[in-house]
Structure formats: structure tokens, C-alpha cells
Amino acid sequence: SFARRVLGPLKYSIPVFVALSTFGSLNGILFTSGRLFLAGAREGHLPPCLSFIHITKRTPIPALLVTATLSLMLLGADIFSLINCLSFVLWLSIGAAVGALLWLRRTRPDLPRPIRVHTAVPVVFILGCVYLVVVPMITEPYSTGMGVLLTLSGLPVYAFGVGWKNKPKWINTIHKVSTYSVQRVLMVVAPEQQLDEPLLSQPST
């Protein structure tokens with residue numbers, strides 16, 4: 001291989017550095033994914049307790065724990081099938097987010113933008129996302145279809161958790177009890193809540 005011919009005895013260092021890079025990337029993804037859960041909870045798309053932060057460390061502990069738990073659940077022998085199923089959805093979502101950036105730049109030009117790049121940068125990135133979305137549809141239609149089905153499976157959950165406004169009283173009671181329990185166990189509060197205020201009052205039974 002290329003590493004064997006060029007590096008000689010140092011060829012064994014390549015897998016080590018690749019593993020270190022993978023762990024570093026995984027560490028960053030876990031933290032950014034926790035931030036996504038926190039932002040979704042703030043918008044009302046996830047349970048509010050996922051938007052809570054620790055009273056002293058200011059870290060989103062509930063969101064990080066959920067992210068870590070979901071990551072452990074996805075461990076399996078056939079990891080490549082999981083990658084093939086979700087890579088299509090991942091690049092489709094990223095491309096849509098960058099496309100929304102261009103749309104907002106056109107429709108809302110007066111919005112505050114701390115970081116502004118040339119329009120060609122997101123356009124080129126979107127073209128790359130289109131390539132990464134179209135190619136799996138042709139080469140791996142089964143894996144792509146499974147990824148789409150996994151994504152669509154979230155629609156019933158969204159309809160139940162977000163779309164259904166008038167939930168029965170017992171569901172709201174469970175929600176309050178679970179929120180209170182998370183606050184007490186993890187010592188977290190809502191970011192907007194003053195730290196010198198008491199935690200949520202214990203729900204009545």
C-alpha cells in the first residue's frame with residue numbers, strides 16, 4: 001500500500017492516528033448533537049427537560065446523556081449498514097440547512113449575521129451535498145430507502161408530541177413528574193430561570 005512504501009516501519013502509525021482522529025471527531029459530534037437536542041427542546045419539539053443546564057457547570061447534562069444513550073443503542077456488528085442508511089439522511093439535512101441559509105439571505109437580508117461568507121461557498125457546498133445524496137440513491141437504493149423510512153418514522157412522534165395540543169391530564173402529569181425528577185437528580189434548571197430561584201415545585205399527586 002501507499003503507507004507501506006512511503007513510511008516503511010512507520011506504517012503501523014497510520015491506524016493509530018486514524019483511530020485518534022475518529023475518537024476526536026466522535027467527541028465533537030456528541031457535544032454538537034447535545035446542542036441540537038437542547039435547541040430542539042427550547043423550540044418545543046422535544047421534552048423541555050432536555051433544554052435544562054446544570055446550575056453550576058452550565059452544561060446541558062440531560063441532552064448529553066440522551067445523546068450518549070442513543071449512541072450506545074446504535075452499537076452493532078454491522079456498523080457499515082447503519083452508516084449507509086443514515087449518511088443519505090445526514091447530507092440531505094445538511095444540504096437543506098445550508099439551502100435555508102441562502103433563502104434567508106435573500107428574503108431576510110437585514111438579519112444580524114456575525115459571520116458572513118461569500119455566496120459561492122454555500123453554493124459549492126450544496127452541490128457537494130447533492131452529489132452525496134444522489135449517488136447513494138443510485139448505488140445503494142435499499143440502504144437509502146431504509147434511511148428515508150427511518151426519517152419518516154419520526155412523523156408520528158412529532159404528531160403526538162408537538163401537534164397534539166390538548167393532551168389528557170394524565171399525560172401532562174407524567175410530563176411534570178418526569179421534569180421534576182430530572183431537575184432533582186441532575187441538578188439542572190431552565191437557562192432562562194434564575195439560579196437563585198427554587199426548582200420547580202414538586203407536582204401534587
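Points to keep in mind about this one:
- Scanning the stretch 32-80 for residues that are farther than 19 Å from Met187 by Cβ and hydrophobic (A, V, I, L, M, F, W, C) turns up Leu36, Ala39, Leu46, Leu70, Leu72, Met73, Leu74, Leu75, Ala77, Ile79, Phe80.
- Filter pass, Gly24 being exposed (fewer than 13 other Cβ atoms within 10 Å of the Cβ), among the small types (Gly, Ala, Ser) and in contact with a helix residue (DSSP H, G or I) (Cβ under 7 Å, 6 or more places away or on another chain): no
- Exactly one residue out of Thr173, Thr179 is closer than 30 Å to Thr56 by Cα and over 24 Å from the mean Cα position of the chain (by Cα), and it is Thr173.
- When the stretch 135-148 is limited to residues that are of a type outside the set (S, T, N, Q) and exposed (fewer than 12 other Cβ atoms within 10 Å of the Cβ), the one that is nearest to Leu102 (Cα to Cα) turns out to be Ile138.
- Residues (not in a helix (DSSP H, G or I) and not aliphatic (A, V, I, L, M)) located in the stretch 107-124: Arg108, Pro109, Asp110, Pro112, Arg113, Pro114, Arg116, His118, Thr119
Residue-wise test of (1) assigned to a helix (DSSP H, G or I); (2) more than 27 Å from Ser81 (Cβ to Cβ); (3) in contact (Cβ under 8 Å) with a residue 12 or more places away in the chain.
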residue	(1), (2), (3)
Leu101	yes, yes, yes
Leu104	yes, yes, no
Cys129	yes, no, yes
Val134	yes, no, no
Tyr142	yes, no, no
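- Members of the stretch 162-205 that are of a type in the set (D, E, K, R), within 19 Å of Ala41 (Cβ to Cβ), at pLDDT 85 or above and surrounded by fewer than 13 Cβ atoms within 10 Å (Cβ to Cβ): Arg184
- Residue in the stretch 31-52 that is in a loop (DSSP other than H, G, I, E, B), closer than 27 Å to Thr179 by Cα, of a type in the set (A, V, I, L, M) and modelled with pLDDT under 85 present: no
- Residues of the stretch 146-196 classified as in contact with a helix residue (DSSP H, G or I) (Cβ under 8 Å, 6 or more places away or on another chain), assigned to a helix (DSSP H, G or I) and among the small types (Gly, Ala, Ser), total: 2
- Residues of the stretch 56-96 classified as exposed (fewer than 11 other Cβ atoms within 10 Å of the Cβ), in a helix (DSSP H, G or I) and of a type outside the set (Phe, Trp, Tyr), total: 4
The values are calculated or read from the model by the stated rules, or taken from the named source; none is laboratory data. Since we're looking at a predicted model, the values are computed, not measured. Here Cβ is always computed from backbone atoms with ideal geometry, including for glycine, and neighbour counts include all displayed protein chains.
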